[in-house]
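The values are calculated or read from the model by the stated rules, or taken from the named source; none is laboratory data. These figures come from a predicted structure and were not determined experimentally. Methodologically, a virtual Cβ is constructed for each residue, glycine included, from the backbone with ideal geometry; neighbour enumeration extends over all protein chains shown. What goes into the accessible areas is simple: the full protein's heavy atoms, side chains included, and nothing from ligands, DNA or RNA. Shrake-Rupley method; radii C 1.70, N 1.55, O 1.52, S 1.80 Å.
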Amino acid sequence: ERGEYRHYMLKEIHEQPNAVAETLEERLTRDRLLPAVFGPDAETLLPAVEGVHIIACGTSYHAGLIARYQIEQMAGIPCNVEIASEYRYREPVVPKNYLFVSISQSGETADTLAALRLAGKKPYLARLAICNVPESSLVRESDLVLMTRAGPEIGVASTKAFTTQLSALALLALALGKAGKRLDQAAEAAAVKELRALPAAIEDALGLNDEIEHLAEQLVHRHHALFLGRGAHYPVAMEGALKLKEISYIHAEAYAAGELKHGPLALVDEDMPIIAVAPNDALLEKIRSNLEEVRARGGSLIVFTDPETGFEADAHSQVITLPKAGGKLTAPALFTIPLQLLAYHVAVHKGTDVDKPRNLAKSVTVE
Ligand code: F6R
């Protein structure tokens, strides 16, 4: 079933153009989001939403963190994101007219289900599940459902589930933006166009495979790595660090690049690889100056960036340029692709069990 691929993870990484296309299929026209996407009740419900609580675990949590930037920007409403294992043991205060959103590939994660059940006792407008398994507990117990259509994910490390979650969450941001009358027709058409271009852009990003396989050799003997990003690409960096640590067992941490000088800069020396996500967005100059601070301390840099951002390779830095820049809705998914490939190739070089990393289960059905 792996076919030509050496591991399920690699197969699933390559399935992403199709999985994302499937997830967007029949939910968009050429320039519109279709109203039926969230079911018949959503048409009266979404205009009433004044804020969002997103709950998930692990990689699904990272998808939620990215969505926060998009929801706040497109819909102009507050959005909080929390890990389910913390949320379920707080006494969450729910303001009026809030929407609860859970995100889960499996729909069986114990903490996420417990959070959903707790949310059922709170005055949310509704509970929406973004999930990949139609017959799961999460789907059965939620009021509204938006399915990702990634198909079965076998590799323990989540890849195509994540990018399809990002696609579904972009639809949610769009829907909330429309419902709140903040997004005009031209902005909606531009967002739809950007989303429709995502599968092909992911395909192009997969073309970086050989370059990244080569780069991965340098990380095999490292014991630590620091991932940096800003804005919506801070959670992309978190996802890159999670992928690396779970399958290659290299200790990896992600920081918002602006936090560097508040502590982690002390870790930077020539033995610490710094992996930066630096798209051509409003924060480019900010992260550029953060990376200058790293370079000045002798850190070795690997910079993932867009064309024409002006990063130059030298003895201490390597630059990997994505073939084409994405926009606000799609850049996080695009920058995730090379980070998945990096983690994969480091793990293969190290000889770990890529599809079944030690101590981990695909679906965490116990607390
Ligand atoms: C990491 C990974 C996990 C899951 C987490 C939540 O690669 O796969 O962090 O994302 O266990 O699982 P779901 O999405 O099934 O609730």
May I ask for the net charge around ALA110, where only other residues with Cβ less than 12 Å from the Cβ of ALA110 are counted and Lys, Arg are +1 while Asp, Glu are -1?
-1
Once you order the gyration tensor axes a ≥ b ≥ c over the Cα atoms, which shape class does region 189-298 get: rounded for a/c under 1.5, otherwise prolate or oblate by comparing a/b with b/c?
oblate
Given an 8 Å cut-off on Cα distances and at least 6 residues of separation, report the relative contact order of the chain as a percent.
20 percent
Is the shape of region 1-65 best called rounded, prolate or oblate, per the rule: a/c under 1.5 gives rounded, else a/b larger than b/c gives prolate, else oblate, with a ≥ b ≥ c the square roots of the Cα gyration tensor eigenvalues?
oblate
Quick one: grab the alpha carbon gyration tensor of the chain, order the square roots of its eigenvalues as a ≥ b ≥ c, and give me rounded if a/c is under 1.5, else prolate or oblate depending on whether a/b is larger than b/c.
prolate
Taking the full set of protein chains and a 1.4 angstrom probe, give the accessible area of ASP184 in square angstrom, rounded to the nearest 10.
90 Å²
Return the long-range amide H neighbours of SER317 (sequence gap of 5 or more, or a different chain), with a cut-off of under 5 Å between placed amide H atoms.
LEU301
Roughly how many Å is it from the Cα centre of region 168-185 to that of region 324-346, as a whole number?
24 Å
Antiparallel bridges, percent of DSSP beta bridges restricted to the chain (to nearest 5):
5 percent
In nm, spacing of pseudo-spin labels at ARG140 and LYS121 (7 Å Cα→C-beta vector)
2.1 nm
Area accessible to solvent at ASP31, 1.4 Å probe radius, in Å²
50 Å²
Asserting the computed 222 nm helical MRE of the chain (DSSP H runs at least 4 long, -39500 (n - 2.57) per run, divided by residue count, to nearest 500) equals -13000 deg cm²/dmol
Using the structure shown, select from LYS160/LYS193; LYS11/LYS245; LYS96/LYS160; LYS160/LYS328 the pairs with a Cα to Cα distance greater than 23 angstrom.
LYS96/LYS160
Angle in degrees between helix 331-350 and the longest Cα principal axis of the chain, rounded to the nearest 10
50 degrees
Below 11 angstrom from the Cβ of SER85, what's the summed charge of the other residues (Lys, Arg +1; Asp, Glu -1)?
-2
Where does helix 233-248 land angle-wise versus the long Cα axis of the chain, in degrees 0 to 90, nearest 10?
70 degrees
With the 8 Å Cα cutoff and a minimum separation of six or more residues, region 99-183 has a relative contact order in percent of 25 percent
